[in-house]
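Here the structure comes first, spelled out in structure tokens, and everything after it is commentary.
The values are calculated or read from the model by the stated rules, or taken from the named source; none is laboratory data. Since the model is a prediction, treat every value here as computed from it, not as a measurement. Ideal geometry is used to build each Cβ from the backbone, glycine not excepted, and the neighbour counts take in all protein chains shown.
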Amino acid sequence: MHIHRLERIWLSFGIVMLVVFLGVIGTAAISEGIVPPSNIQTINPATVAQTAPFDNPGLRKIGDNAYEAYILARYPVFIPHEIRVPAGAKVTFFVTSPDVVHGFFVTNSDVNMMVVPGWVSSATHVFRRPGQYLLLCNEYCGREHHFMYGTIEVH
Ligand code: CUA
């Protein structure tokens, strides 16, 4: 097959640039220790179910209308599936996965995290308005990905 000389030059240029860009990203990620955003600490994904506080996932009251929610994103469910808090509650989510990469997105909020096995992701939100907030997995995680959801009931 004949490839025109100019076309060959452009193809080579494209491949070289691809290698350079991936190299720059890879080098920066390794040298700067870049990890997915909102991931705060490491955890062994194989022993998540035996590691506190994820051995007992759920909501903990830590202050005046302030809560910590420990949630396990385990294909294809969130454990616990439902959380109930009063209006105005400040909730800090800690989420981890024992299996594959999941998403953690709370509708009508600024909580949108990637949940990576081996890491604990965290985000905080104040639920001012009463109502039902959907909690969705927005990273494709398998055949039943679209069943992976939960609810946050603000009363
Ligand atoms: Cu979990 Cu998609």
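Which of the strands (runs of 3 or more DSSP E) contained wholly in the range 57-99 include at least 3 residues that are within 16 Å of the chain's Cα centre (by Cα)? Working first, answer last.
On the way: elements: 58-63, 66-74, 77-79, 82-85, 89-96.
Once the strands (runs of 3 or more DSSP E) in the range 57-99 are filtered for at least 3 residues that are within 16 Å of the chain's Cα centre (by Cα), what remains is 66-74, 77-79, 89-96.
Does Asn138 satisfy being away from the ligand (no atom under 12 Å from the Cβ) and either touching a residue at least 24 places away in the same chain (Cβ under 8 Å) or over 21 Å from Val35 (Cα atoms) (or both)?
On the way: away from the ligand (no atom under 12 Å from the Cβ): no; either touching a residue at least 24 places away in the same chain (Cβ under 8 Å) or over 21 Å from Val35 (Cα atoms) (or both): yes.
The answer is no for Asn138.
Just need a number here: residues in the range 137-153 that are surrounded by fewer than 17 Cβ atoms within 10 Å (Cβ to Cβ) and among the hydrophobic types (A, V, I, L, M, F, W, C).
The number of residues fulfilling the criteria is 1.
Taking the range 47-106 as the search range and keeping residues that are away from the ligand (no atom under 16 Å from the Cβ) and among the hydroxyl-bearing types (Ser, Thr, Tyr), which one is surrounded by the most Cβ atoms within 10 Å (Cβ to Cβ)?
Restricting to residues being away from the ligand (no atom under 16 Å from the Cβ) and among the hydroxyl-bearing types (Ser, Thr, Tyr), the top hit is Tyr70.
Here is a list: Pro80, Pro76. Which entry is at pLDDT 90 or above, touching a Phe, Trp or Tyr at 6+ places or on another chain (Cβ under 6 Å) and not acidic (Asp, Glu)?
On the way: Pro80 fails: touching a Phe, Trp or Tyr at 6+ places or on another chain (Cβ under 6 Å).
Unique residue meeting the criteria: Pro76.
Go through the range 113-135 and give me each residue that's closer than 20 Å to Ile43 by Cα, within 16 Å of the ligand (Cβ to nearest atom) and of a type outside the set (Gly, Ala, Ser).
Matches in the range 113-135: Met113, Met114, Val115, Val116, Pro117, Trp119.
Of the conditions (1) at pLDDT below 95; (2) part of a strand (DSSP E or B); (3) surrounded by fewer than 16 Cβ atoms within 10 Å (Cβ to Cβ), Arg129 satisfies every one except a single condition; which number is it?
(2)
Mind checking whether some residue in the range 145-154 is within 16 Å of the ligand (Cβ to nearest atom), in contact with a helix residue (DSSP H, G or I) (Cβ under 7 Å, 6 or more places away or on another chain) and among the polar types (S, T, N, Q)?
Of the range 145-154, the ones within 16 Å of the ligand (Cβ to nearest atom) are 145-151.
Keeping just the survivors that are in contact with a helix residue (DSSP H, G or I) (Cβ under 7 Å, 6 or more places away or on another chain) gives none.
Within the range 145-154 (the criterion being within 16 Å of the ligand (Cβ to nearest atom), in contact with a helix residue (DSSP H, G or I) (Cβ under 7 Å, 6 or more places away or on another chain) and among the polar types (S, T, N, Q)), the answer is no, since none of the residues qualifies.
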